[in-house]
Amino acid sequence: MTEQLYGRNAVREALRARRRTLHRLYVSSGVQETGVMAEIIRLASEAKVNVERVERQVLDRQLREVNHQGVMLQAEAYPYVELEACLELAGQRQEPVMLLLLDHLQDPQNVGTLLRTAEVVGVHGVCLPGRRAVEITPAVVNASSGATEHLNIAMIGNLAQTIVELQKGGVWIVGLEDDANAQDLDRADLNMPLGLVVGAEGAGLARLTRERCDFLVRLPMRGQIASLNAAVAGSIALYSAWRQRVER
């Protein structure tokens with residue numbers, strides 16, 4: 001199954017990572033082949049990917065209403081990994097496990113933002129539930145600026161069961177939830193083998209997921225807005241967990 005990746009950053013990272021089988025690069029004949037676009041074409045040449053220059057209308061028809069930025073990469077579907085590969089990566093780096101678990105998020109932009117942050121802070125893997133959740137689509141790849149191409153992402157069957165498996169392996173599961181029983185994020189100790197769970201937009205964590213967590217954390221707030229969206233809150237929590245590790 002092939003996909004059409006689009007957006008300059010997303011296409012560049014797919015070419016850099018070379019985790020997928022890459023078929024053909026399409027470049028709009030009207031774009032200036034400088035900067036990032038020049039790098040894309042160079043990377044395609046190094047990867048022996050054919051480059052085809054086409055009229056912009058060809059990309060418009062292929063990609064409908066998205067902002068493709070004059071470039072499209074035809075590639076095989078996203079290469080998910082097994083959860084074990086995420087844990088093995090932590091061992092290879094000789095670091096305590098740090099995972100991001102997404103509890104049925106459905107907005108590609110939110111998921112892409114979280115994955116971009118996850119890659120920046122060096123998480124060892126991301127877990128996505130197999131149902132009622134967004135998968136790694138070209139829209140998510142674009143929203144993540146191509147961070148997906150450098151991440152270990154596992155498609156799991158049941159989040160609650162996965163949490164139990166991780167806990168048996170010594171991973172602490174921490175849920176991000178605006179709950180009366182939650183600890184303030186800036187006071188919580190996250191310097192441990194960690195699985196951070198971020199809940200769905202609006203609904204938050206599912207009841208069973210929340211009950212399985214070892215503890216909950218929340219972001220203290222002063223303003224009038226009731227809460228931050230999942231992507232912003234999750235990104236702050238990921239960065240906070242990473243900072244605790246590097247500062248100790």
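Some points to look at:
- With the convex hull of its Cα atoms as the shape, the chain has an orientation-averaged projected area of 14.8 nm².
- The range 48-126: Rg to Rh, with Rh as the Kirkwood radius over Cα pairs: 1.10
- Carbon-plus-sulfur accessible fraction, the range 62-126 (probe radius 1.4 Å, protein heavy atoms only): 41%.
- Calculated mean residue ellipticity at 222 nm for the chain: -11000 deg cm²/dmol, from DSSP H runs with n ≥ 4 weighted as -39500 (n - 2.57), summed, divided by the residue count and rounded to 500.
- Using distinct alpha-carbon pairs, which all enter the 1/r mean, Kirkwood radius of the range 145-185 in Å: 13.0
- Projected label distance in nm at residue 18 and residue 34, using a 7 Å step from Cα toward the beta-carbon: 2.9
- Cβ-based charge dipole, the range 1-129, positive-most Cα from 108, 77, 34: 34
- In this simple spin-label model, placing a label point 7 Å from the Cα along the Cα-to-Cβ direction at both residue 179 and residue 160 gives a separation of 1.4 nm.
- Pairwise FRET efficiency - residue 55 versus residue 232, Cβ, R0 = 41 Å, nearest 0.05: 0.60
- Summed over the residues of the range 22-76 and divided among them, the accessible surface reaches 58 Å² per residue at a probe radius of 1.4 Å.
- Inter-centroid distance (Cα atoms) of the range 180-197 relative to the range 113-179, Å: 17
- Vicinal HN-Hα couplings computed from phi for the range 142-154 (Karplus, 6.51 cos²θ - 1.76 cosθ + 1.60; Hz; Gly/Pro x): 5, 5, 8, 6, x, 4, 3, 6, 10, 9, 8, 10, 10
- Principal axis extents of the C-alpha atoms in the range 153-248 (largest first, rounded to whole Å): 39, 34, 26.
- For the range 56-194, diffusion coefficient by Stokes-Einstein and Kirkwood Rh (Cα), 25 °C, 0.890 mPa s, µm²/s: 148
- Potential lengthening of the chain between residue 92 and residue 45 amounts to 13.8 nm, from the contour at 0.36 nm per residue minus the alpha-carbon distance.
- Whole-percent carbon and sulfur share, accessible surface of the range 1-53, 1.4 Å: 40
- Each 10 Å bin from zero holds the following percent of Cα-Cα pairs in the range 1-113: 12, 36, 30, 17, 4.
- Relative to the longest principal axis of the Cα atoms of the chain, the long axis of helix 8-17 lies at roughly 80 degrees.
- Looking at the range 128-207, the DSSP beta bridges with both ends there are about 10 percent antiparallel.
- Here the average projected area of the convex hull drawn through the C-alpha atoms of the range 109-159 stands at 3.2 nm².
- Placing a label point 7 Å from the Cα of residue 62 along the Cα-to-Cβ direction, the residues of the range 120-160 with a backbone N closer than 15 Å are 138-139.
- All other residues whose Cβ lies under 14 angstrom from that of residue 113 are scored, Lys and Arg at +1 and Asp and Glu at -1, for a net of -2.
- Secondary structure note: in the chain, about 30% of the DSSP beta bridges are antiparallel.
The values are calculated or read from the model by the stated rules, or taken from the named source; none is laboratory data. Note that this is a predicted model, so its numbers are computed, not measured. Note that each Cβ is placed from the backbone with ideal geometry, even for glycine, and that neighbours are counted across all protein chains shown. Calculation scope for accessible area: heavy atoms of the full protein, side chains included, ligands and nucleic acids excluded. Shrake-Rupley method; radii C 1.70, N 1.55, O 1.52, S 1.80 Å.
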